[in-house]
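Structure first, then comments.
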Amino acid sequence: MRQTRNFQRAAIAATIGLAVSFAPPALAATGTTSDALRSAVSAQNITAHLQALQDVANNNGGNRAAGTSGYEASARYIEGRLTAAGYTPVRQPFTYKQYATLGATMERVSPTSNTYAYGEDFLDMDYSGEGDVTAAVAAVEPGQRRPG
């Protein structure tokens with residue numbers, strides 16, 4: 001009984017496979033061509049749009065990230081191009097987590113005190129956690145491994 005079911009399943013699978021392999025390829029509707037699309041999408045046009053978006057970044061502090069004026073200017077540029085092409089663009093709002101350094105300080109308190117300037121003497125990593133770190137300094141010899 002089990003062998004019969006397996007044979008039936010194999011026969012059905014083979015029939016479906018043959019039917020699909022003999023099906024004609026999907027064709028575009030008669031009279032449809034991609035000539036306009038192919039002439040519009042050229043290296044020259046792509047480069048022009050990339051340059052326009054780079055100009056937006058340059059005019060907005062080098063940034064087009066979400067939530068910035070560069071993002072808004074980029075969206076307006078793209079909406080304008082889509083509208084000019086006959087589309088009706090619609091913005092879809094969404095939420096996201098954004099990392100921004102609002103301030104950072106670093107200070108050495110011993111053996112002599114020194115304050116370090118953010119952006120000149122140190123930087124944080126994107127999506128760094130926040131908090132304070134205070135610890136005793138321990139001398140480590142070159143090549144010394146952590147105990148334990």
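Quick note: the coordinates plus some simple rules give every number you see, no bench work behind them. Small disclaimer: the values here were computed from a predicted structure and weren't measured. Note that each Cβ is placed from the backbone with ideal geometry, even for glycine, and that neighbours are counted across all protein chains shown.
Count the net charge of all other residues whose Cβ sits under 11 Å from the Cβ of VAL56, scoring Lys and Arg as +1 and Asp and Glu as -1.
The answer is 0.
How would you rank 44-54, 112-122, highest first, on the average number of other Cβ atoms within 10 Å across their residues?
Result, highest mean first: 44-54, 112-122.
Local charge sum around ASN114 (other residues, Cβ-Cβ under 14 Å, Lys/Arg +1, Asp/Glu -1)?
Computed value for this residue: -2.
Once you list every other residue whose beta carbon is under 14 Å from the beta carbon of ALA75, what net charge do they have if Lys and Arg are +1 and Asp and Glu are -1? Before the final figure, lay out each step's value.
On the way: positive: ARG64, ARG76, ARG81, ARG91; negative: GLU72, GLU79.
In short, +2.
Assign one of three labels to the range 52-148, namely rounded, prolate or oblate, based on the Cα gyration tensor with a ≥ b ≥ c the square roots of its eigenvalues; rounded applies when a/c is under 1.5, prolate when it is not and a/b is larger than b/c, and oblate otherwise.
prolate
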